[in-house]
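Every number in this text was worked out from the coordinates using simple rules, so none of it is lab data. These numbers come from a predicted model, not from an experiment. Here the Cβ positions follow ideal geometry from the backbone for every residue, glycine too, while neighbour counts run over all protein chains shown.
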Ligand SMILES: [Zn+2]
């Protein structure tokens, strides 16, 4: 469909909100466990292992088998010349920095280098904040903030978080009342995605309140 963002340039009529989408749990790789011998799911232990070999260093994030606690070492880097490693990263690895461990554990695309079977992140949490509040408005603009990769689809997320059926969301899209940009909405949510929902008599106030984080 064709539309222009300029249609909504009147700031005073748009309620702007931000949805921060966070995965509830890291994706789990399925791998053959060298300890119990089964094909099984692994979970990050949050700790790193470093191994120096001459002037070269290996770093792994240690995963544990959910069945037997056996380990799998997920490579962070291998055989890197020690002088080329960022000192901050080296400190984080040595300190088992939780932020670095989580950033790697939540990188599901990176996991697919090691196994074709990765269980998705298991749902998301949505934190809603009003960015620009207005007294009287005719449209709601939602900006998505996705700091870690998530596997949730935009249409499903909108239906769930707006408290509507997916058929209702689809109908609003078809009517041009819900606009998601040029590359569609049956796809994964991405950082910076912007959704505009026009207020109309049949868009319930409750749904809009929920979208703004008041529900
Ligand atoms: Zn095992």
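Things to note:
- Taking 0.36 nm per residue of separation and subtracting the current Cα-Cα distance, fully stretching the chain between residue 98 and residue 147 would add 16.1 nm.
- If you run the Gaussian network model on the chain, springs between alpha carbon atoms under 10 Å, then out of 45, 151, 136 the most flexible one is 136.
- Anisotropy class of the range 23-67 from Cα gyration tensor, a/c 1.5 cut: oblate
- Counting every alpha-carbon pair across the chain, the share separated by more than 20 Å comes to 65%.
- Order of 161, 22 under a 10 Å beta carbon neighbour criterion, fewest first: 22, 161
- Of the beta bridges in the chain, as assigned by DSSP with both residues counted there, near 85 percent are antiparallel.
- Residues considered: 69, 183, 97. Largest GNM mean-square fluctuation over the chain, using C-alpha springs under 10 Å, is found at 183.
- Within the range 37-51: backbone nitrogen closer than 16 Å to the residue 113 label point (7 Å, Cα to C-beta): 49
- Placing dummy labels 7 Å off each Cα toward the beta-carbon, the span from residue 182 to residue 18 is 2.6 nm.
- Each of 131, 104 was scored by other Cβ atoms within 10 Å of its Cβ. Listed from fewest to most, they are 131, 104.
- Residues considered: 137, 185, 72. Largest GNM mean-square fluctuation over the chain, using C-alpha springs under 10 Å, is found at 137.
- Ranking of 199, 63 by neighbouring Cβ atoms within 10 Å, starting from the fewest: 199, 63.
- Backbone N atoms of the range 143-166 closer than 20 Å to the 7 Å Cα→Cβ label point of residue 127 belong to residues 143-152, 157-158, 161-162.
- Principal axis analysis of the Cα atoms in the range 28-119 yields extents of 39, 26, 22 Å, listed in decreasing size.
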